[in-house]
Amino acid sequence: MSAGDWSSVPSRGHGDGQEARLDPPTSAAGTADGRVHGRPAPQYGEYAPDGWVNPVFVEQERAERERQAHEAAVAARESAAAGPGAGAQPSRASSGTPSGAAVPTSRFGKSPGDFLLTVMLLAFGLVSVVQSLSVGTVASGVRRELELRYTALEDPGALTTAALVSAIVTVVLFVLVAWWSIVRLRRRKRTVWVPLLGGAVASLVTLGAFATVLANDAHFVAWMMQNAGG
């Protein structure tokens, strides 16, 4: 090859004699990360395989479940602390209550009727207690009934002792019954049976006190034996 043939070899540089180079990655054809200009960056998980779940969403759902469970536990503790009467009311669908009707509630006692009857029985018991404090009057009344129906006693003064014992027991019972009734009414529990029970106990105590006097009175016992067969 002659010296003149070297002129036919293409130049490896540009017109200024420098060597030609490839365009850098940040040329007009693309960006530094190789993406084509004008195409947005892919979102997180956009090219994930089928079945892939974003762990951020999973964590959010777990936190929401824990929050709901915590709120339910707090509500259950508050309901238990408030007492059985403060528990959740039956749903309207199950109880048959119309959606527009208000469920009747009572501030005291199991129901308004329970509260009213309890108060009436306590008032009647209070009157009985006041009457029993008139020991002499009670003893005189019992003595008169015995003489009219049966016979005179050998020791009528023992009736005064029985009336005094009955009055003391009645006062103590009424105080206990009133206190217990107030406690149950405030807890919205059924209370009407409490004064009924107290009245029954007081009646048994009074009857027992006067029966003891009669059983130990010789004149009354003799009369009963003579008239037992009749």
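The values are calculated or read from the model by the stated rules, or taken from the named source; none is laboratory data. Quantities reported herein were computed from a predicted structural model and do not represent experimental measurements. Cβ: placed from backbone, ideal geometry, glycine included. Neighbour counts: every protein chain shown. All accessible areas refer to the heavy atoms of the entire protein, side chains included, with ligands and DNA or RNA removed. Shrake-Rupley method; radii C 1.70, N 1.55, O 1.52, S 1.80 Å.
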remark   = For segment 115-212 (alpha-carbon point model, no solvent) the Debye-based log₁₀ I(q)/I(0) at q = 0.14, 0.23 Å⁻¹ works out to -0.56, -1.09
Cβ-based net charge around Leu153, under 9 Å, with every Lys or Arg adding one and every Asp or Glu removing one = -3
request  = With a 1.4 Å probe and every protein chain kept in, tell me what percent of the accessible surface of segment 138-227 is carbon plus sulfur.
outcome  = 65
query = How far, in nm, would the chain grow between Glu61 and Asp155 when pulled straight, counting 0.36 nm per residue and subtracting the alpha carbon separation?
reply = 25.0 nm
Exposure rank, largest accessible area first [Phe174, Phe124, Phe115; 1.4 Å] = Phe124, Phe115, Phe174
inquiry  = Quick query: amide H of Arg188 versus all other amide H atoms, modeled in the peptide plane; which residues come in under 5 Å with a sequence gap of 5 or more or a different chain?
reply    = Gly109
key: Under the Karplus curve 6.51 cos²θ - 1.76 cosθ + 1.60, θ = phi - 60°, whole-Hz ³J(HN,Hα) for segment 127-140, x wherever Gly or Pro sits   = 4, 5, 5, 4, 5, 5, 5, 7, 4, x, 5, 5, 4, 5
Net length gained if the chain between Ile182 and Ala123 were fully extended (0.36 nm per residue, minus Cα distance) = 19.9 nm
task = Write down Rg/Rh for segment 106-152, rounded to two decimals, with Rg from the C-alpha atoms and Rh from the Kirkwood relation over Cα pairs.
result = 1.33
ask   = Going from most exposed to least, what order do Trp179, Trp223 have by accessible area with a 1.4 Å probe?
value = Trp179, Trp223
message = For Lys110, Lys189, give me the order by solvent-accessible area with a 1.4 Å probe, most accessible first, ignoring ligands, DNA and RNA.
response = Lys110, Lys189
request  = Hey, can you find the accessible area per residue of segment 173-230 for me, probe 1.4 Å, expressed in square angstrom?
outcome  = 66
